[in-house]
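Presented below is the structure to which this report refers.
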Amino acid sequence: MPTPDSRVPTTPAQVRLMEACERVVARRGLGGTTIAEVTREADHRNHAAVRYHFGSLEALVRAMYGWRAAPLDAARRHGLERLDEAGRGHDVHALLALFVTTARENLQRLRPSAWARVQVALAADGPYVFFRRIDDDRAASGASRLPLDASREIFGRLADGARANGVAEPTLATATAVRSINQVFACWETDDENPDATAPPLDALTDQALRIGGAILDPGPVACSSQP
């Protein structure tokens, strides 16, 4: 059964269901996602397909999340290593730039994308629910690294930086900044797939997202840059 561990291979049938699951979660949230809805979205005639390939709806959602998160997390891991080498691994603005620019590049790679809306939907369900599940998966599988580790490390470093900047409740501030940034990109996704809407340039939204995050985590006069 697929898990959020990126080393697990996927079949074309699993990919088809995960893509459908992503779109349904983005549109309806976790509470509105059902096996029947995913099956319809995948244009699948076999209503037992989800259980056959994944075992359960929850396993499908977790597999979809890990499958999508793996390349993004790998890019963030590489970026963290570069920041550490440059001595900027705990710079709030460099970390924000890494988080935001990798999110933008991921949306461009996946376009048309529903990934940012999935992030918003999961945060609405509970901002730490997948963190707990990833911890459970790590314990069960013995894996030392899973496709959220770099993102989680960025969040931890951002909270440390916010604390050093005198921000009250830095963990909450970090969660607020991340959710706000994801919401910016989620709105872009919605506009991008709507033929009657004009989506703003992603570069402009990237700068907006950086300003939002910087205002929350470092309310001082330092300006954000989109260059990590």
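What number of residues in segment 69-101 are open to solvent by 40 Å² or more (accessible area, probe 1.4 Å), closer than 19 Å to D149 by Cβ and touching a residue at least 24 places away in the same chain (Cβ under 8 Å)? Talk me through it step by step, then tell me what you get.
Going residue by residue through segment 69-101, those that are open to solvent by 40 Å² or more (accessible area, probe 1.4 Å) are 71, 74-75, 77-78, 81-82, 84-88, 90-91.
Still in the running and closer than 19 Å to D149 by Cβ: 71, 74-75, 77-78, 81-82, 84-85, 90.
Cutting the leftovers down to touching a residue at least 24 places away in the same chain (Cβ under 8 Å) gives us 71, 74-75, 77, 82, 90.
Residues flagged as open to solvent by 40 Å² or more (accessible area, probe 1.4 Å), closer than 19 Å to D149 by Cβ and touching a residue at least 24 places away in the same chain (Cβ under 8 Å) within segment 69-101 amount to 6.
Taking R152 as meeting all but one of (1) modelled with pLDDT of 90 or more; (2) under 22 Å from R82 (Cα atoms), write down the number of the exception.
That leaves (1) as the condition not met.
For the condition open to solvent by 30 Å² or more (accessible area, probe 1.4 Å) and either modelled with pLDDT of 90 or more or closer than 23 Å to E189 by Cβ (or both), what is the one hit in R16, R45? I'd like the intermediate steps shown before the answer.
Numbers: R45 fails: either modelled with pLDDT of 90 or more or closer than 23 Å to E189 by Cβ (or both).
Testing whether each residue is open to solvent by 30 Å² or more (accessible area, probe 1.4 Å) and either modelled with pLDDT of 90 or more or closer than 23 Å to E189 by Cβ (or both) leaves just R16.
Filter segment 171-205 down to residues that are open to solvent by less than 20 Å² (accessible area, probe 1.4 Å) and over 17 Å from the mean Cα position of the chain (by Cα), then give me how many there are.
1
Could you go through segment 124-146 and let me know if any residue there is modelled with pLDDT of 85 or more and closer than 27 Å to I216 by Cα. Break it down stepwise before answering.
Kept after step one, since they are modelled with pLDDT of 85 or more, are these residues of segment 124-146: none.
Within segment 124-146, not a single residue is modelled with pLDDT of 85 or more and closer than 27 Å to I216 by Cα.
The values are calculated or read from the model by the stated rules, or taken from the named source; none is laboratory data. Computed from a predicted structure; not experimentally measured. Cβ atoms come from the backbone with ideal geometry, glycine included; neighbour counts cover every protein chain shown. These area figures cover heavy atoms from the full protein model, side chains too; ligands, DNA and RNA do not enter into them. Shrake-Rupley method; radii C 1.70, N 1.55, O 1.52, S 1.80 Å.
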